[in-house]
Amino acid sequence: MTLLQDLEARLAAALSSTLGEPLTAAVTPTADLRFGDYQTNAAMVLAKHRKINPRALAQEIIDHLQLDGLATADIAGPGFINFRILPAAYAAKAAELLHDEKLGVPTVGEGQTVVVDFSAPNVAKPMHVGHIRSTIIGDSLGRIARFLGFKVIADNHIGDWGTQFGMILHGWKTMLNAEALEADPIPELLRIYRDVNTAIKADPSVLETCKNELVKLQAGDPENLAIWQQCIDVSKRGLRKIYEILDVKFDHWLGESYYNDRLAGLVDVFLTKGIARESEGAICIFSDGAKNPEDDPFMVHKEDGWTDNPAIIRKADGGFLYATTDLATIQFRIDEWKADRIWYVVGVPQQLHFRQLFDAAARWGKIGNFQHVAFGSILGEDRKLMKTRSGENVQLTDVLTEAIERAANIIAEKNPDLQGEEAEEIAKIVGIGAVKFAELSQGRLTDYVFAWDRMLALQGDTAPYLQYSTVRIRSIFRKLDAPFDAASAVITLNEEAEIHLARLHARFGELLPLIIEDFRPNLLANYLLELARAFHSFFEACPVLKSEAAVRDSRLALCELTSRILSTGLGLLGIKCPERM
Ligand code: ARG
């Protein structure tokens, strides 16, 4: 039980005995520690209903509160109840966490399956720096959910069946450089994709040729299918390399093409059920009229009022679409994987697609907790969207290579003792950590301008700062003559810096469940920075190794717990910690 849960339980008991009926109320951390550690507005809310004086009610509640050993309580302002946790309770909590490999994190996801749909780049197009957001955020959410006890299925729903294959097929047949493909396949696929685009601009009839290639592919033409398969294979190989550098793993790679043979049947079901109907030759899903137009994804407001905003699931030429595939995918995930929740980590521009998808799935009877975990765009220095087609934009691999190089240079400068493989490994951990942390430490919905220096910063509020903090703590333990047994240490908190450190330790388990409520790994990133800062203040204010035995052991135990929470927390962001740096 977290301290917050403990307070809520005691508060519920006090409310019930004060007002003579079963009641519960929320306790939250205070915004300002001067007012205590936690607070509740229960008295104000309950007094309002009952038309009684809130401060008087607050006093009555406090009189009924059994807080012995845990906290003190007082009234503030119009009737807030503020709680201050006793140092002894923080000490007991720290001791408890040292024995808990979950570090106080409750397993709220027990018995539930969540599919995390993330990364999902489009094959034969380069993995663009914009995909980095989905990959890094999705991977972190999956790790956090797993730690919270969910059964997590990470699925890479790659775009392996899009219209881009018309262009790729035409390019493959007319302008492929076999040697270049052999040497490094993804750039060569990218080149033909771009060159075909240029050719189309010069001569629109090329577009027709490409469309014909696509139709042939979709009709099962063996030559085109074989080329398509080769493209998929080389692209996957390239992607795997990137995921390996990033330390990102998937349980499945069920791309769009996996669902091809379910699409025709799906459209029939939608027609029979009356969820979709024909319109100008195409099969479309329209509004069912059950919602207000403002909440209806199949309605849109134009100059002359609300009009239909249908989703096409089969084109007049018989082709199926992105939405059709996603509907089939939901069915599969629910039927085969027993998914309770599906999280789609995909950019903001696809918001309408997901609103329509979730609405259509519900009308179809596919029930689950589906969430579009949207994120903002990465903009070029001109503040315009960075696009795959414009040619000049930065690719993900370039960012990663540069990150590792910059880290290597700094390590060579700061710690020339580190050499060879060890230095390389550390540079990788530090460089990739910096890139991931730059992404995860900000709100996912903000757009940001891509800037090398921000992405690769190694100083200030960065992963290297956190990694360095763990290294520094480990080095304290290396100075000991005998191994330290944190589990048997008695923790006593006297100094303010010690209490604050233990306060933050206790928060870890309260914080993690909040992160998946609205998908904000930046809460964890910022918490870890706060913890590291608290550690450095503690280490400055409180001598550890030079203290007499009992104090020393208590402080070493705090060091140990800090180090464990830092490395576990970084691990949940997908960031490793080096032994030295
Ligand atoms: N391939 C898509 C894109 O790059 C993302 C797919 C996301 N997942 C999904 N189930 N729609 O835009």
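Please go through the stretch 103-121 and pick out each residue that is in contact with a Leu (Cβ under 8 Å, 6 or more places away or on another chain), within 12 Å of the ligand (Cβ to nearest atom) and not aliphatic (A, V, I, L, M).
Quick first cut of the stretch 103-121, residues in contact with a Leu (Cβ under 8 Å, 6 or more places away or on another chain) only: 103-109, 116, 118, 121.
Those still in the list that are within 12 Å of the ligand (Cβ to nearest atom) too: 116, 118, 121.
Hits for the stretch 103-121 are Phe118, Pro121.
Yes/no per residue for (1) buried (at least 20 other Cβ atoms within 10 Å of the Cβ); (2) closer than 23 Å to Ile137 by Cα; (3) touching a helix residue (DSSP H, G or I) at 6+ places or on another chain (Cβ under 6 Å); (4) not aromatic (Phe, Trp, Tyr):
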| position | (1), (2), (3), (4) |
| --- | --- |
| Phe286 | no, no, no, no |
| Asn292 | no, no, no, yes |
| Pro297 | yes, no, yes, yes |
| Lys302 | no, no, no, yes |
| Trp306 | no, no, yes, no |
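Can you find, within the stretch 443-459, the residue that is modelled with the highest pLDDT among those that are buried (at least 18 other Cβ atoms within 10 Å of the Cβ) and not in a helix (DSSP H, G or I)?
Let us first name the residues in the stretch 443-459 that are buried (at least 18 other Cβ atoms within 10 Å of the Cβ), namely 444, 450, 455-458.
Next, only the ones that are not in a helix (DSSP H, G or I) stay: 444, 450, 457-458.
Values: Arg444: 93, Phe450: 74, Ala457: 77, Leu458: 74.
Looking at residues that are buried (at least 18 other Cβ atoms within 10 Å of the Cβ) and not in a helix (DSSP H, G or I), I get Arg444.
Kindly establish whether Ala124 is within 13 Å of the ligand (Cβ to nearest atom) and on the phi > 0 side of the Ramachandran plot.
Working: within 13 Å of the ligand (Cβ to nearest atom): yes; on the phi > 0 side of the Ramachandran plot: yes.
Yes, satisfied.
Cβ-Cβ under 6 Å, sequence separation 6+ or interchain: first residue in the stretch 522-548 and on the phi < 0 side of the Ramachandran plot and free of Cβ contacts under 8 Å to residues at least 40 places away in the same chain, partner aliphatic (A, V, I, L, M) and crowded, with 20+ Cβ neighbours inside 10 Å. Which pairs?
Every condition considered, the pairs that remain are Leu523/Ile515; Leu531/Leu504; Ala534/Leu501; Ala534/Leu504.
Out of curiosity, is Leu514 among the aliphatic types (A, V, I, L, M) and under 30 Å from Ala374 (Cα atoms)?
On the way: among the aliphatic types (A, V, I, L, M): yes; under 30 Å from Ala374 (Cα atoms): yes.
Here the answer is yes, as Leu514 does meet what is asked.
Does the stretch 469-477 include one or more residues that are touching a His at 6+ places or on another chain (Cβ under 9 Å), closer than 22 Å to Ile404 by Cα and outside any loop (DSSP other than H, G, I, E, B)? Walk me through it before giving the result.
Taking the stretch 469-477 first, the residues touching a His at 6+ places or on another chain (Cβ under 9 Å) are 469, 472.
Filter once more, so that each one left must be closer than 22 Å to Ile404 by Cα: 469, 472.
Restricting the remaining residues to those that are outside any loop (DSSP other than H, G, I, E, B) gives 469, 472.
Yes, the stretch 469-477 contains a residue that is touching a His at 6+ places or on another chain (Cβ under 9 Å), closer than 22 Å to Ile404 by Cα and outside any loop (DSSP other than H, G, I, E, B).
Being under 30 Å from Leu572 (Cα atoms) and more than 16 Å from the ligand (Cβ to nearest atom) narrows it down to one of Arg333, Arg277, Arg237, Arg341, so name that one.
Working: Arg333 fails: more than 16 Å from the ligand (Cβ to nearest atom); Arg277 fails: under 30 Å from Leu572 (Cα atoms); Arg341 fails: more than 16 Å from the ligand (Cβ to nearest atom).
Every option except Arg237 fails the conditions.
Closer than 21 Å to Gln230 by Cα and either in contact with an Asp or Glu (Cβ under 6 Å, 6 or more places away or on another chain) or away from the ligand (no atom under 14 Å from the Cβ) (or both) - does that describe any residue in the stretch 127-143?
Within the stretch 127-143, not a single residue is closer than 21 Å to Gln230 by Cα and either in contact with an Asp or Glu (Cβ under 6 Å, 6 or more places away or on another chain) or away from the ligand (no atom under 14 Å from the Cβ) (or both).
List every residue pair whose Cβ atoms lie under 8 Å apart, where the two residues are 6 or more positions apart in sequence or sit on different chains, the first residue falls within the stretch 335-354 and is more than 20 Å from Ile158 (Cβ to Cβ), and the second residue, located anywhere, is aliphatic (A, V, I, L, M) and within 12 Å of the ligand (Cβ to nearest atom).
Close Cβ pairs satisfying both conditions: Arg341/Val115; Val348/Ala374; Gln351/Ala374.
The values are calculated or read from the model by the stated rules, or taken from the named source; none is laboratory data. All figures in this text were calculated on a predicted structure; none of them were measured in a lab. Please note: Cβ atoms are built from the backbone with ideal geometry, for glycine as well, and neighbour counts cover all protein chains shown.
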